[in-house]
1. Does segment 107-120 include one or more residues that are small (Gly, Ala, Ser), modelled with pLDDT of 90 or more, outside the structural domain of GLN172 (by TED's automatic domain parsing) and surrounded by fewer than 20 Cβ atoms within 10 Å (Cβ to Cβ)?
2. If the requirement is being on the phi < 0 side of the Ramachandran plot and assigned to a strand (DSSP E or B), which of these qualifies: LEU260, LEU266, LEU276, LEU307?
3. Exactly one of these conditions fails for GLN85: (1) at pLDDT 95 or above; (2) within 23 Å of SER222 (Cβ to Cβ). Give me its number.
4. On the basis of being out of contact with any helix residue (DSSP H, G or I) (no Cβ under 9 Å at 6 or more places or on another chain), at pLDDT 90 or above and within 20 Å of LYS146 (Cα to Cα), does ILE54 make the cut?
5. For segment 93-126, name all the residues that are at positive phi and more than 41 Å from the chain's Cα centre (by Cα).
6. Filter segment 72-121 for residues that are among the aliphatic types (A, V, I, L, M), without any contact (Cβ under 8 Å) to a residue 40 or more places away in the chain and closer than 30 Å to ILE213 by Cα and give the result.
7. Check off (1) part of a loop (DSSP other than H, G, I, E, B); (2) small (Gly, Ala, Ser); (3) crowded, with 17+ Cβ neighbours inside 10 Å for SER189 and give me the number that stays unchecked.
8. Could you grab me the full set of residues in segment 240-272 that are more than 27 Å from ILE305 (Cβ to Cβ) and of a type in the set (S, T, N, Q)?
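The values are calculated or read from the model by the stated rules, or taken from the named source; none is laboratory data. Because the structure is a prediction, the values reported are computed rather than measured. Note: ideal-geometry Cβ built from the backbone for every residue, glycine included; neighbour counts use all protein chains shown.
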Amino acid sequence: MSFIDYNFRTTSTPSQVTDLKRETIGPARVIDVIVDSDHPLYDKYDGPSGVGMIFYRLLTQTDIDRSDTGEEEHTGQAYPISSYQKLLPLKNEIVFLVDGPDPQVALGSGQGRKYYITPFNIWNHPHHNAIPVKPEDSQDSVNIGKGIEASDKVAPMQPFPGDVLLEGRLGQSIRFTGHAEGKSPFTDSSNTLKPLTIISNGQKEPENGFLHIVEDVNEDPSSIFMTSDHTIPLTLIKDKRDSYNNKPDTPSNYKGAQLLFNSDRLTLNARKSDILFSSAESIGMNSTTVNIDGEDYICADADKIYLGVKARTSSGANKQPAVLGHRMEAFLQDILDQLIAVSKAMGKAKTVDGKPVPTINLRGNSSQIVFKQLKRQLNPRGSSNLKSKKLYIE
């Protein structure tokens, strides 16, 4: 009578032992993985062509590692079976081997080589599924590779009916969901069968790394929610909207198709062309400071442009319009010309009997000098010290 232990070795009486042949498919323990040129066997196994290749040991009664740790000796090499989608296994994970052609197949090579399929889901956890070599060792002490540490701060994602889930080892995930069944916080009878895609990079720290969790738009380090008819309870870090007559719905009150990006910092960089924002209703910006820098110019255009909340909300004479610089200087120039003419007349003023009026004459002459100095500061057709050299209005 025989049975399979958790190390995938067949245990039986000697007469009943049947080993897996080296050329057959089957499970194998990962001993090592070539991931880059720093691996000591990188050049021996064709350099870049060997990246992703594993060294394995078949899980048979005869393939027992005789080293001190029981996890150093390998009996073969295998390559990732997919060229475009790779899940590199960790040391002591169990993969499934299949036979396939080698690079010399076009030359009639009949040798072939081994390929591996993604690790067995032994622990039903995305972080790792490595299993100890010795039955008495615990999962916590299993060696998963040099410089790689296991963590209890990564939890598996809670699946909902019909979901397609992609989960990384460190809390990254992509979820394609939309069925109302189950305990989904995003979908109910009002939006069932409406697609929802969630990309999350990292998780809030779980209370128990073995219990399933759901994405948290507010607590996960970085996430993107792509909805079609859903409400996502995103809490905005700033909610001041005094520039609005009618404030737009917050994300937690909006239901429909929307894109939500949430992280500690967002950067958009167009290296060759433009970044264009277009909205049917409004574009709202809110921060402690709003800073806009342009190398050539900054242009804001609308039927009305308000600077400050009171400029928008005030009525009557309290709604103050801006002044046009050139026209204001032309207006002031006309006034000064009149004042200069009056000053000249005052400087020459005489009594009815033809005698000077010293007080008026003195004031007229001194005022004329001042008014001419003020007039020289005006330039209705060009730049002047009274007008901004950076800010222009219609």
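1. Step one: of segment 107-120, the residues small (Gly, Ala, Ser) are 108-110, 112.
Still in the running and modelled with pLDDT of 90 or more: none.
Within segment 107-120, not a single residue is small (Gly, Ala, Ser), modelled with pLDDT of 90 or more, outside the structural domain of GLN172 (by TED's automatic domain parsing) and surrounded by fewer than 20 Cβ atoms within 10 Å (Cβ to Cβ).
2. Numbers: LEU266 fails: assigned to a strand (DSSP E or B); LEU276 fails: assigned to a strand (DSSP E or B); LEU307 fails: assigned to a strand (DSSP E or B).
Sole residue among the options that is on the phi < 0 side of the Ramachandran plot and assigned to a strand (DSSP E or B): LEU260.
3. (1)
4. Working: out of contact with any helix residue (DSSP H, G or I) (no Cβ under 9 Å at 6 or more places or on another chain): yes; at pLDDT 90 or above: yes; within 20 Å of LYS146 (Cα to Cα): yes.
So ILE54 fits the description; yes.
5. Of the residues in segment 93-126, the ones at positive phi are 108, 112, 124.
Matches in segment 93-126: GLY108, GLY112.
6. Taking segment 72-121 and keeping what is among the aliphatic types (A, V, I, L, M), we get 78, 81, 87-88, 90, 94-95, 97-98, 105-107, 117.
Now narrow it down to the ones that are without any contact (Cβ under 8 Å) to a residue 40 or more places away in the chain: 81, 87, 105-107, 117.
Once the filter is applied, which keeps residues that are among the aliphatic types (A, V, I, L, M), without any contact (Cβ under 8 Å) to a residue 40 or more places away in the chain and closer than 30 Å to ILE213 by Cα, segment 72-121 yields LEU87, ILE117.
7. If we test SER189 against (1) part of a loop (DSSP other than H, G, I, E, B); (2) small (Gly, Ala, Ser); (3) crowded, with 17+ Cβ neighbours inside 10 Å, just (3) comes out false.
8. SER252, ASN253, GLN258, ASN262, SER263, THR267, ASN269 - these are the residues of segment 240-272 that are more than 27 Å from ILE305 (Cβ to Cβ) and of a type in the set (S, T, N, Q).
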